[in-house]
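The values are calculated or read from the model by the stated rules, or taken from the named source; none is laboratory data. Worth saying up front: this structure is predicted, and the values here are computed from it rather than measured. Counting neighbours? That spans all protein chains shown, and the Cβs are built from the backbone with ideal geometry, glycine included. Just the protein is used for accessible areas: all its heavy atoms, side chains included, with ligands, DNA and RNA removed. Shrake-Rupley method; radii C 1.70, N 1.55, O 1.52, S 1.80 Å.
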Amino acid sequence: MFTRLGLSLRSIRSKWLSIGCTLLGLMFVLTSLYISPVNKYLHNLDTVKTTTTTSSSEPMRACFVVLVRNSELQGIKNTVIQIEQRFNKQFHYPYVFLNDDYFTEQFIQEITALTTAQVNFGKVDQQMWGYPSFINQTHAALQRAELATQGIPYADSESYRHMCRFQSGFFFRHPLLDPYDYYWRIEPDVDYHCDIDYDVFRFMKDNGKKYGFNIAFREFLATVPTLWQTVLDFKKSHPEVMKQLPSPEDSLWNFVASDDGLSYNSCHFWTNFEIASLDLWRSNEYLKYFNYLDRAGGFFYERWGDAPVHSIAAAMMLKKDEFHFFNDIGYRHTAYTHCPTEPIYRDKCSCNPADNFDYDPGLSCYSIFKDALRR
Ligand code: GDP
Ligand code: MN
């Protein structure tokens, strides 16, 4: 009896053992199938983590920021629908809409209907959008007419200049942005091509990133003929600021400098997409830099863009590893597209990798960015 019982117990045990082994094997195969694409995904993101493990679970103080006109309602709806679909339906970050005019009821209603996130609408006042007293408006008008003869985009536009000055020196000081530490700038009539399934703001914080971009471009030098010299003058006249900044080797100075720093190579990050730290622009160093440039008059007498103004400052003020190239955020603005080309993005993105602009030989500065990181 005991023997029989012992035998049958043994046979039951070995049956369970073999079932257990099969299950374990199955689990192993399933887990490796599941994990390997995830690992590949992380591996492809230039050594940074998109998972969040280090920072606390406190909510991120971050928002989308949009400067837009009432007349661009359809275009910005198109962008917000994509942002919600690709990213924000999962994360519910608030939006801040800014305008130099009052937003219409229709605008507010149609935008609010697109998201469950909080949406704030604000007007930009005269001090942030208008001529400062030290600008000679007659001279500015003459300079606009002169630039227009060169066929430069927006050469004769006054509003474009106010916009660039606002984006360079004021948006981050608008009271509606006070509650936030990070922002993602969006624009009307652009496309967001890829699903973003992690929190990009938490990613910025966890990885110590201060400035994120996805397109690096060459500027029309005719819009900024005296910008570089003004920056050099600023550096010389503000040794106390320069003392606070990383050395040229630790910074991304070589992304913008050429001829041993004597001239501007025209490279800049496109600011129509930006995911960045607001503290960067709110810093004393940046505010002194902006005020110096503003006094020099180039926002009005030339046509200084917020992209070269931001990029030169970031290249001077941040360390190399505080920049992030958002390869995974496929994006189109006007005729230019950043589309991640790696095979793992094909089921996340709708763009055609053949349209990717990163290595355009004449216009893209992405290779110069990578060189500047290495130097
Ligand atoms: P581009 O990207 O340099 O060609 O310039 P855009 O025309 O796209 O302008 C940049 C951003 O500023 C967009 O979000 C525009 O909607 C916005 N913008 C440009 N000019 C004005 C303006 O006069 N008023 C307002 N409220 N927004 C403007
Ligand atoms: Mn634009």
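Here is how the numbers come out for the structure above:
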read-out	value
Test: residue in segment 227-235 that is of a type in the set (Lys, Arg), more than 23 Å from the chain's Cα centre (by Cα) and surrounded by fewer than 15 Cβ atoms within 10 Å (Cβ to Cβ)	no
Test: residue in segment 281-298 that is open to solvent by less than 10 Å² (accessible area, probe 1.4 Å), of a type in the set (Gly, Ala, Ser) and under 24 Å from His338 (Cα atoms)	no
Segment 67-119: number of residues that are part of a helix (DSSP H, G or I), closer than 29 Å to Cys349 by Cβ and out of contact with any His (no Cβ under 9 Å at 6 or more places or on another chain)	21
Any hit, segment 300-308, residues being away from ligand 1 (no atom under 16 Å from the Cβ) and either crowded, with 21+ Cβ neighbours inside 10 Å or without any contact (Cβ under 8 Å) to a residue 40 or more places away in the chain (or both)	no
Options His338, His268, His324: the member that is open to solvent by less than 20 Å² (accessible area, probe 1.4 Å) and away from ligand 1 (no atom under 16 Å from the Cβ)	His324
Flag for Asp306 being within 16 Å of ligand 2 (Cβ to nearest atom) and either basic (Lys, Arg) or under 16 Å from the mean Cα position of the chain (by Cα) (or both)	yes
Wholly within segment 269-370, helices (runs of 4 or more DSSP H) carrying at least 3 residues that are among the aromatic types (Phe, Trp, Tyr)	284-296, 298-301
Residues (crowded, with 21+ Cβ neighbours inside 10 Å and over 18 Å from Phe87 (Cα atoms)) located in segment 197-209	Lys209
Odd one out for Phe107, checked against (1) within 19 Å of His162 (Cβ to Cβ); (2) within 12 Å of ligand 1 (Cβ to nearest atom); (3) surrounded by 12 or more Cβ atoms within 10 Å (Cβ to Cβ)	(1)
Matching entry among Ile312, Ile368 (being crowded, with 20+ Cβ neighbours inside 10 Å, more than 23 Å from Val200 (Cα to Cα) and in contact with a Phe, Trp or Tyr (Cβ under 9 Å, 6 or more places away or on another chain))	Ile312
